[in-house]
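Chemist: Have a look at the structure that comes next, please.
Every number in this text was worked out from the coordinates using simple rules, so none of it is lab data. Everything quoted here is computed from the prediction, not taken from an experiment. Because the Cβ atoms are built from the backbone with ideal geometry, glycine has one as well, and the counts that use them run over all protein chains shown.
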Amino acid sequence: MKNVEIINKKPVAAGLVDYEKTHKEFSWEIIKREFDIDDDKVNIAYEAIDKHAKTWRKNKVALYWEGADGTCQKYTFLEMKKLSDKCANMLRALGVKRGDRVFIFLPRLPELYIGMVAIAKLGAIAGPMFSAFGPDAVRDRLQNSEAKVLITTPELKERVDAVLWELPKLEHIVLVNHKEDEELEEGNVCYKTLMRDASDIFEMEWVKLEDPLYILYTSGTTGRPKGVTHVHNDMVSHYITTQWVLDLRDDDVYWCTADPGWVTGTVYGLWGPWLNGISFYVFDGRFDAATWYEIIQNYKVTVWYTAPTALRMLMKAGDDLVKEYDLSSLRYVCSVGEPLNPEVIRWGLKVYGLPIHDNWWQTETGSIMIANYPCLPIKPGSMGKPFPGIEAAIIDGTGSKLSAGQHGLLALKPGWPSMLRAVWGDEKRFKEYFNINGWYATGDTAYKDEDGYFWFVGRADDVINTSGHRVGPFEVESALLEHRAVAESGVIGKPDAERGEIIKAFIVLREGYKPSHELEEELKIFIRHRLAAHAYPKEIEFCANLPKTRSGKIMRRLLKAKDLGLPTGDISTLED
Ligand code: ATP
Ligand code: MG
């Protein structure tokens, strides 16, 4: 364990104040009591929207929305209640019943958020899909889930048309932004017309806590995406992790940059904040450093939840740009999705004056499992400590716990409220998660230090074995990022007769740097000194960009496949 760097912070006033005490005393039952619910008569939509519409929050803004063209809209909790009631009535009239799958293939429009709530109100199962998916990705998801209704736009529908003949279970397509005077094809209906005619009084479909709520397909970083299925009970986890990890309070303006087509966008870009009655902001546009800073400035965003890939791009855009904006409203920043390089945290501290709080979780875990909290010092490069109520451990292949500092499999004790309940249509895959002696196996490798902080090493499949040493790609990538010429890197193990594997780094250079043999040698020496002689990349390849998932994760398996001339496997989530 090399890293002794610690970022200490001011004491906190609210939220999670004493980690150790809370961890010791925590009980999910006590948290659940805050909902005052009956196990057989619940609905997350009631807790997230309708309940607030009955209190002083009825006129509080639930959603600030901004389109790519600068159009702005606002919706209060009461308006959200009425619109989701209308939408639920509309879907009910189309024949949607409890347990039916209704998929959403929309840009980040207000209708996406209204639709998600409406589907929950019906006790149906929502399947949000990222709007950049191509026909194959859409077909796979609609086919696997046997979706009955799809909500989309006329533009996006073209991608569905290409595969429609393969989707016999799909009965209706609801078109948002359909021009009312244009003709509709058979099976298609107009959202606007039906919404206008629908009543805004809806009789809630009460469900059981264990009834399914949504299906989200994993990011496809390591292989074919899995249809991870979650239930209404997840709300207990959503609710409390939002409070304690994202540190959200009633007067916050919160911005989660993730799309609801990925689990972060569904859980912390919708349910988590709304269960807590928080106002959030949504931007239906692409990443652009200046635009992002403008958003924080204009909306006075206080809490910001984003991803390492975005932070690395902001870092690439430079320190001077930051100075052009007033970002003084920001008080708390979090990151998820990939390991957060220490260099990015140091940079954030310098330019935003705030530490960035990394946290770790998966589509399967349904909520944040390991995190950096407001009340604990940050060790840059560490994912932090397990959420109170979560038992995380580093184990070997038989389920025995390893001691501090030892690399092993990151595992969790099953039983937290938001744990996945199924992989849709794949019981075998679901069971595989629980193959190791009473543990849920995450598929990631990590280690725990003497203070109980967890450190990410790599995906179990990505860890490199070179001359008998196990090297995680993340530590090499992070060390490379500390070199002034490196903007981003992806590191893989390449089979080698002598060493088992050698380390190969794919590097994207910062502006102003050109690939050269000298730079290659300089980088190798840099890593030798910084990390260890065995951890330096024997091979370096400069490239213009790295293959990433649409949610921004480096796809090391594609770097490897390309390098070794192997088949690429499922690339449905690959960015353009
Ligand atoms: P697939 O399972 O289809 O290969 P995926 O694992 O990328 O895709 P997600 O569920 O979106 O799909 O991502 C969870 C994974 O992302 C984790 O298992 C971990 O490897 C990585 N991850 C998420 N947050 C962090 C973090 N803070 N630090 C390191 N890795 C992280
Ligand atoms: Mg995964």
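Chemist: Working from the alpha-carbon coordinates of the range 60-117, get Rg over Rh, Rh being the Kirkwood radius.
Modeler: A ratio of 1.02.
Chemist: In the range 195-318, what percentage of the DSSP-assigned beta bridges are antiparallel, given to the nearest 5?
Modeler: Approximately 45 percent, going by the DSSP bridge assignments.
Chemist: Which of the three applies to the range 150-285, rounded, prolate or oblate, going by the alpha-carbon gyration tensor with a ≥ b ≥ c and a/c under 1.5 meaning rounded?
Modeler: Taking the square roots of the gyration eigenvalues as a ≥ b ≥ c, the range 150-285 is prolate.
Chemist: Now for a separate question. Pick out, in residue order, every one of the trypsin sites (Lys or Arg not before Pro) in the range 491-576 that is DSSP loop and has at most 16 other C-beta atoms within 10 Å; say none if there are none.
Modeler: R510, K538
Chemist: Here's something else I'd like to know. Using Cα-Cα distances under 8 Å and only pairs 6 or more residues apart, what relative contact order does the chain have, in percent?
Modeler: Rounded, it is 13 percent for the chain.
Chemist: Moving on to the next point. In degrees, nearest 10, range 0 to 90: what is the angle between the Cα axis of helix 234-244 and the longest Cα principal axis of the chain?
Modeler: Between helix and principal axis, roughly 60 degrees.
Chemist: Taking the Cα centre of the chain as the origin, how large is its charge dipole in debye, to the nearest 20, when only Lys and Arg (+1) and Asp and Glu (-1) carry charge on their Cβ atoms?
Modeler: Here the chain has a charge dipole of around 940 debye.
Chemist: So what's the gap between the Cα centers of the range 157-230 and the range 436-506, to the nearest angstrom?
Modeler: One Cα centre to the other: 39 Å.
Chemist: Now, a different point. Using only Cα positions of the chain, each an equal point scatterer, no hydration layer, compute I(q)/I(0) via Debye at q = 0.07, 0.09 Å⁻¹ and quote the log10 values to two decimals.
Modeler: -0.40, -0.68
Chemist: Convert 4 °C to kelvin, take the viscosity as 1.567 mPa s, use the Kirkwood radius over C-alpha pairs of the range 1-146 as Rh, and evaluate the Stokes-Einstein diffusion coefficient in µm²/s, rounded to a whole number.
Modeler: Calculated translational D: 69 µm²/s.
Chemist: Just for the chain, what percent of DSSP beta bridges are antiparallel, to the closest 5?
Modeler: Beta bridges within the chain, antiparallel portion: roughly 55 percent.
Chemist: Note the angle between two axes, namely the Cα long axis of helix 135-145 and the longest principal axis of the Cα atoms of the chain, as a number of degrees from 0 to 90, rounded to the nearest 10.
Modeler: 70 degrees
Chemist: Let's see if you can work this out: charge +1 on each Lys and Arg Cβ, -1 on each Asp and Glu Cβ, no other charges. What is the dipole magnitude of the range 65-105 about its Cα centre, in debye to the nearest 20?
Modeler: 360 debye
Chemist: Based on the alpha-carbon gyration tensor of the range 155-204 and its eigenvalue square roots a ≥ b ≥ c, which shape applies: rounded if a/c is under 1.5, prolate if not and a/b is larger than b/c, or oblate?
Modeler: Since a/c reaches 1.5 but b/c is at least a/b, the shape of the range 155-204 is classed as oblate.
Chemist: In whole Å, what three semi-axes, largest first, describe the equivalent ellipsoid of the range 75-232 built from its Cα gyration tensor (square root of 5 times each eigenvalue)?
Modeler: Rounded to whole Å, the semi-axes are 23, 20, 14.
Chemist: Where Lys and Arg each count +1 and Asp and Glu each count -1, what net charge lies around S551 among other residues with Cβ under 10 Å from its Cβ?
Modeler: 0
Chemist: Continuing with this model, one more query. At a threshold of 8 angstrom on Cα-Cα distance, excluding pairs fewer than six apart, so keeping six or more, what relative contact order does the range 75-232 reach in percent?
Modeler: Relative contact order comes out at 25 percent.
Chemist: Once both axes come from the Cα atoms, what is the angle between helix 308-317 and the longest principal axis of the chain, in degrees from 0 to 90, rounded to 10?
Modeler: Computed tilt is about 70 degrees.
Chemist: Take E210, E541, E205 and order them by how many other Cβ atoms sit within 10 Å, fewest up front.
Modeler: So the residues, fewest neighbours to most, are E210, E541, E205.
Chemist: In the range 75-232, what percentage of the DSSP-assigned beta bridges are antiparallel, given to the nearest 5?
Modeler: 25 percent
Chemist: In the range 311-342, which trypsin sites (Lys or Arg not before Pro) are in a loop and have at most 16 other Cβ atoms within 10 Å, using DSSP for the loop call?
Modeler: Here the trypsin sites (Lys or Arg not before Pro) that fit, given the DSSP loop and packing criteria, are R331.
Chemist: Still on this structure, I have one more. Report, in whole Å, the centroid distance computed from the Cα atoms of the range 400-423 and the range 46-109.
Modeler: Centre-to-centre distance over Cα atoms comes out at 35 Å.
Chemist: Assuming a ≥ b ≥ c are the square roots of the Cα gyration tensor eigenvalues, decide whether the range 464-564 counts as rounded (a/c under 1.5), prolate (otherwise, with a/b larger than b/c) or oblate.
Modeler: oblate
Chemist: Here's something else I'd like to know. What is the range 464-564's relative contact order, in percent, from Cα pairs under 8 angstrom and six or more apart in sequence?
Modeler: Relative contact order here is 27 percent.
Chemist: Sort T257, T264 so the one with the fewest other Cβ atoms within 10 Å of its own Cβ comes first.
Modeler: T257, T264
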